[in-house]
Structure formats: C-alpha cells, structure tokens
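Here, each number is a calculation from the coordinates, and none is a lab measurement. Quantities reported herein were computed from a predicted structural model and do not represent experimental measurements. FYI the Cβ positions are ideal-geometry reconstructions off the backbone, even for glycines, and counts take in every protein chain you see.
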Amino acid sequence: MSEPSPKPDLEDSINVTAAHDRLVREAAAAVREKRIDDSGSEPISLWVIAVCGVVFLIAGGILGGAGDLFNYGAVFKPGYVRTPPPGMEASGPAPKEALAAFMTRGSKIYSVKCNGCHGADARGDGANFPTLAGSAWVTGDTDRLAMIILNGLVGPMSSGKTYGGAGGMAAQGTGLSPEDLAGIMTYVRNNFGNSTGDVVTVEMAKNAMDISAARAKLGQQMTAEELAADHAKNLSGEPLDPAALVDPITLAPVAEATP
C-alpha cells in the first residue's frame, strides 16, 4: 500500500494562483480601509479633529472673550493711527500738479461716459454726435458746460445744428462725484486741441451740482434757450493755480514740503 501524500487533494476546478492573488488584494484593501499602526492604535479621523476644533473655538469665544480678536474697535483705541517703521516716513501717493491730476481723473471719466459717442478723439461723427474739439460750449462758460454734462441736451446747439435727432444727448450726471465732474470738465477743456489752461475745481463742481438740483425743469434735458438765459456764466469758486500741488486721489490742495 502506498503512503498518503503530504499535500492535500485539490479539486480540479480550483485555480490556486487566482485564489492566492484574490486573497492578497482583499488583504491590501482591508489594510487601506482600517489602518492600525505598530502600537495597535487607529489614527483619528479628520472629521473628528475638525469637529473638536470648532467646539474649542466656540468655547474659547464664550469663556475667554476671543471674539474681540475680530473686533477692530475692541483691539485698537479710538484715534489709533499706525506709525511707520523706525527709520521710514509715512508714504502715500505723491502730490501732482493740479492740471495733471485733474486731467488724469478726467480721462478715466471720459472713457466711461463720453468715448462711446464722441469717440476717442472727441470728433464725434458729424451727424449724431458733435465734436468737442474747438466747441465754444466746451471751452466757454463753465456753468453752461456743467449743465450740459449733468442734464444732457436736446435741440440745436450754438451752431444751430441739432445732433442725435429728437433724443439729443442723454444726461451724464448719474454716478458722478464733484471730483469726477471737475476732472471731466478740466479734461475736455484742455485736450483734443482745446487749451483753456485752467482747472475747474471741486468747489466749482459742487456749486454746479447745487445749481442743477435747483432747476425749475429738474430731470429734463437742457435747451439752448435755457442755457443762454440762465447759465451763460462761469461757476463760482476760488480759482486754483494749475501748477499747485494736489492729492492725486482726492484732488485736494496739499502744502508744499518745506526744505
């Protein structure tokens, strides 16, 4: 009688290699799903850490007044001004000559409010939009120019020609600040071949807005007749030397530094 084989009998239907590979994959998947280090401890899940962090923040805010860290008024005293680092002076926008600063402000307003109709060269199209270059109403009385910008214009101009049909020019005052109005007026009066050499100040622009708000025909476009009767004059206000230094942001005059 032959001795029994030390190896177990296997069914012909079992693929030993495939079964071994499957066991290896399942073991690896189990390790990925439940990691346990050499000490036998399981790592803490990220969501547990996040929840604990939120709880600690809330508790700290209630018990320790940590909410004041986000309250500027509680952290800094009234009137607090940050001082520059040692050896350095406070910095800010360098002052510019008034005419240049007002022109820079005005060029930005022109690109938004005027360029679409009058064009980049302010020459218009000769039919619907008039030229601003050499216009007597642009370079003439500042009160009249301000009223046209703020309220629009309908009917014939100084030349007797009507532009844009019955619709005329739409009001452009919406959204304009006094600084914007002063800038755009100074810009068109000193660009495109125009050269009045003066600055329409912020004070003058504020007066223009007050005049516009007090019109009897508030909300209506200006006409040549109303302009001639009520606005053929310059705006009141203290003149500003075009070479005087101003803050390029606020357009407010600044004192020259003493040597």
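Some notes on this structure:
- Relative to the Cα centre, the charge distribution of region 96-246, modelled as +1 at Lys and Arg Cβ and -1 at Asp and Glu Cβ, gives a dipole magnitude of about 360 debye.
- Calculated from backbone phi, Karplus (6.51, -1.76, 1.60) coupling profile of region 111-125 in Hz, x at Gly/Pro: 5, 8, 8, 10, 4, x, 9, 7, x, 5, 9, 6, 8, x, 10
- At q = 0.10, 0.13, 0.17, 0.19 Å⁻¹ the log10 of I(q)/I(0) for region 115-252 amounts to -0.31, -0.53, -0.93, -1.17, computed by Debye summation with a single uniform scatterer per C-alpha, solvent ignored.
- Distance from region 94-124 to region 180-259 (C-alpha centre basis), Å: 13
- Filtered trypsin sites (Lys or Arg not before Pro), region 191-239: DSSP coil and at most 12 other beta carbons within 10 Å: Lys217, Lys233
- Whether region 170-238 is rounded, prolate or oblate, judged on the alpha carbon gyration tensor where a/c under 1.5 counts as rounded: prolate
- Distance violations [Cα-Cα > 27 Å] among Lys108/Lys161; Lys161/Lys233; Lys96/Lys233: Lys108/Lys161; Lys96/Lys233
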